[in-house]
Amino acid sequence: MTAPHGFSVSRYAPERGTLAKLAARDSVLRRLDWPILLSALALSGIGSLLVWSATRGRTELNQGDPYYFLFRHVLNTGIGLALMIGTIWLGHRTLRGAVPILYGLSIVLILAVLTPLGATINGAHAWIVVGGGFSLQPSEFVKITIILVMAMLLAAKVDAGDQLHPDHRTVAKALGLAALPMGIVMLMPDLGSVMVMAVIVLGVLLASGASNRWVLGLIGAGVLGAVLVTALGMLDEYQINRFAAFANPDLDPAGVGYNTNQARIAIGSGGLLGAGLFKGSQTTGQFVPEQQTDFVFTVAGEELGFVGAGLILVLLGVILWRSCRIARETTELYGTVVAAGIIAWFAFQSFENIGMTLGIMPVAGLPLPFVSYGGSSMFAVWVAIGLLQSIRVQRPMTA
């Protein structure tokens, strides 16, 4: 049989076969969690506009190019998507076997920060400058490493059917492996990242089914550690000032409390619908420091108002909701623990970032996931999305 224009039907069959595979119920595309993917893409898109608004007039930052940060934010998102696709292709189970290598690489990178290769940005000696205007913050990738290494240990015997819950010896090993990179990051000092890592560890322990004594002991150790860190003077002066400003916003409104006060003014002035994109007086007047990174939510509050800022919260909520569903529906403890660690990470970091702009949390120098400008943070959160998608894609099909 001959098709129109002299082409045989057989030449069209492979194309129909490819489309059929993509549309099949068990195809990767059909099994992806699209609400998570679309929500993350929407947040990155909104973030591009907010970063652009915050930096297009900052000639001292954008090197005279109003599109400088916009282009880089979009580029970072594109690289993040590529990392997500690569993570899905490899699969969380394949990465499980590579965890020791990833853990060792993470330790090497954060130790490199403490050498002359490290650089101080915004008060934290937590970066490695790689040239070309790009820098790397290894602590962002340590969050992923901690999740994977703890999940590998805690789930090994349970998934093998040898135990119902992780035993005390296994939990102790997992905590020890998590404590090593956290201790190094604390030396930088990068208190914000350590706070996130501590919450990740807590979330992982809760999801693994470990004894409640470990959870309570970890909370107690955290409180004791905070007291010791303060008493031993391990915090830098700017970190102490941030906590002082949080405890008393009127302490020094023109000094240590300046960031928070200006952030609240920006968000409060937005009202219901905001002043309009590129029209916020606080943003165009450059009153809020670090507005493209840690304080990007203030641009949304001022220029998009309650509606726009609320949309960001809704999109973050969708990601957390669907992530919880993935954690609940997977049939292996390893997948559940990995998903739970990512949930704890995204939830706490989002709450801390937005909370510090509202004055209900201390300033900790944490980016808003998917929205804030920053390559390392963008790459890390998209790898996390790839892990979540892999857990969903590789779960057994239901009838």
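Points worth noting:
- Leu273 fulfils the conditions (1) open to solvent by 70 Å² or more (accessible area, probe 1.4 Å); (2) at pLDDT 90 or above; (3) under 26 Å from the mean Cα position of the chain (by Cα) except for a single criterion, (3).
- Matching strands (runs of 3 or more DSSP E) fully within segment 109-206 where at least 2 residues are crowded, with 18+ Cβ neighbours inside 10 Å: 124-131
- Residues of segment 46-57 include at least one that is farther than 21 Å from Phe370 by Cα and touching a residue at least 24 places away in the same chain (Cβ under 8 Å).
- Flag for Val307 being free of Cβ contacts under 8 Å to residues at least 40 places away in the same chain and under 19 Å from the mean Cα position of the chain (by Cα): no
- From the list Gly317, Gly310, Gly301, Gly305, the one residue that fits, being at positive phi and not in a loop (DSSP other than H, G, I, E, B), is Gly305.
- Residue in segment 252-267 that is farthest from the chain's Cα centre (by Cα), counting only those that are touching a residue at least 24 places away in the same chain (Cβ under 8 Å) and open to solvent by 60 Å² or more (accessible area, probe 1.4 Å): Tyr258
- Residues in segment 39-93 that are basic (Lys, Arg), within 26 Å of Gly301 (Cα to Cα) and part of a helix (DSSP H, G or I): Arg72 alone.
- Members of segment 39-91 that are among the aliphatic types (A, V, I, L, M) and within 19 Å of Gly280 (Cβ to Cβ): Ile46, Leu49, Leu50, Val51, Ala54, Leu61, Leu70
- Residue count, segment 358-372 (criterion: open to solvent by 10 Å² or more (accessible area, probe 1.4 Å), under 17 Å from Leu316 (Cβ atoms) and touching a residue at least 24 places away in the same chain (Cβ under 8 Å)): 3
The values are calculated or read from the model by the stated rules, or taken from the named source; none is laboratory data. A quick note: this is a predicted structure, and the numbers were derived from the prediction, not measured. Neighbour counts are summed over all protein chains in view; Cβ atoms, including those assigned to glycine, are modelled from backbone coordinates with ideal geometry. Note: areas computed on protein heavy atoms with side chains; ligands, DNA, RNA excluded. Shrake-Rupley method; radii C 1.70, N 1.55, O 1.52, S 1.80 Å.
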